[in-house]
Each structure stands twice: as structure tokens, then as C-alpha cells.
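The values are calculated or read from the model by the stated rules, or taken from the named source; none is laboratory data. Note that the structure is a prediction, hence the values are computed from the model and not measured. Here the Cβ positions follow ideal geometry from the backbone for every residue, glycine too, while neighbour counts run over all protein chains shown. The area values use the complete protein model at the heavy-atom level, side chains included, leaving out ligands, DNA and RNA. Shrake-Rupley method; radii C 1.70, N 1.55, O 1.52, S 1.80 Å.
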Amino acid sequence: MKPNGRMIRGIREGRKLSLRKLEAQTGLNRGYLSRLEREQVADVGSEQLRRVAAALDVPESLILDEETTP
């Protein structure tokens with residue numbers, strides 16, 4: 001699964017959540033979350049995506065970068 005890092009960052013910042021708070025809520029390392037937002041993580045497991053979506057209170061599909069094919 002490829003996450004949409006820009007969307008994750010936008011939602012996090014819009015909710016005034018720091019990376020430290022997101023780290024505490026997800027149990028995921030702050031460095032990993034930062035790389036996720038900068039789209040330096042090409043593939044994310046469903047559990048990690050679920051944790052981030054739950055912490056941001058959004059559906060997983062919103063933070064998933066689904067490639068569209070013509």
C-alpha cells in the first residue's frame with residue numbers, strides 16, 4: 001500500500017497534531033512518520049496505515065495513494 005504523505009501531513013497539521021503526538025497515538029516511530037509524510041516510504045503495511053488513519057480519525061482510503069490507470 002502506498003500512502004499519500006501530503007494528505008497525511010495536511011490532516012495532521014490541520015488538527016494541530018505534532019509528530020510527537022501522532023507517534024504517541026500510533027505507537028509508530030516519529031522518524032518513520034516523518035518519512036511517511038515526505039513520501040519516502042514506498043510501501044506501508046495495512047496495520048501501520050490503520051493506526052495512522054485511526055489517530056487522524058479518517059478512513060484509510062483517504063490517506064491511501066491509489067494509482068489510477070486509464
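Residues considered: 39, 66. Of these, the only one that is open to solvent by 50 Å² or more (accessible area, probe 1.4 Å), in contact with a strand residue (DSSP E or B) (Cβ under 9 Å, 6 or more places away or on another chain) and not in a helix (DSSP H, G or I) is 39.
Under the condition of being in contact (Cβ under 8 Å) with a residue 24 or more places away in the chain and either open to solvent by 40 Å² or more (accessible area, probe 1.4 Å) or within 10 Å of the chain's Cα centre (by Cα) (or both), the residues counted in the range 42-53 number 7. Residues in the range 5-28 that are among the aliphatic types (A, V, I, L, M) and either assigned to a helix (DSSP H, G or I) or open to solvent by 90 Å² or more (accessible area, probe 1.4 Å) (or both): 7, 8, 11, 19, 22, 24. Selection of the range 1-49 for residues being of a type in the set (Lys, Arg) and under 14 Å from residue 62 (Cα atoms) yields 2, 6, 9, 12.
Is one or more of the residues making up the range 28-49 modelled with pLDDT of 95 or more and at positive phi? No, every residue in the range 28-49 fails to be modelled with pLDDT of 95 or more and at positive phi.
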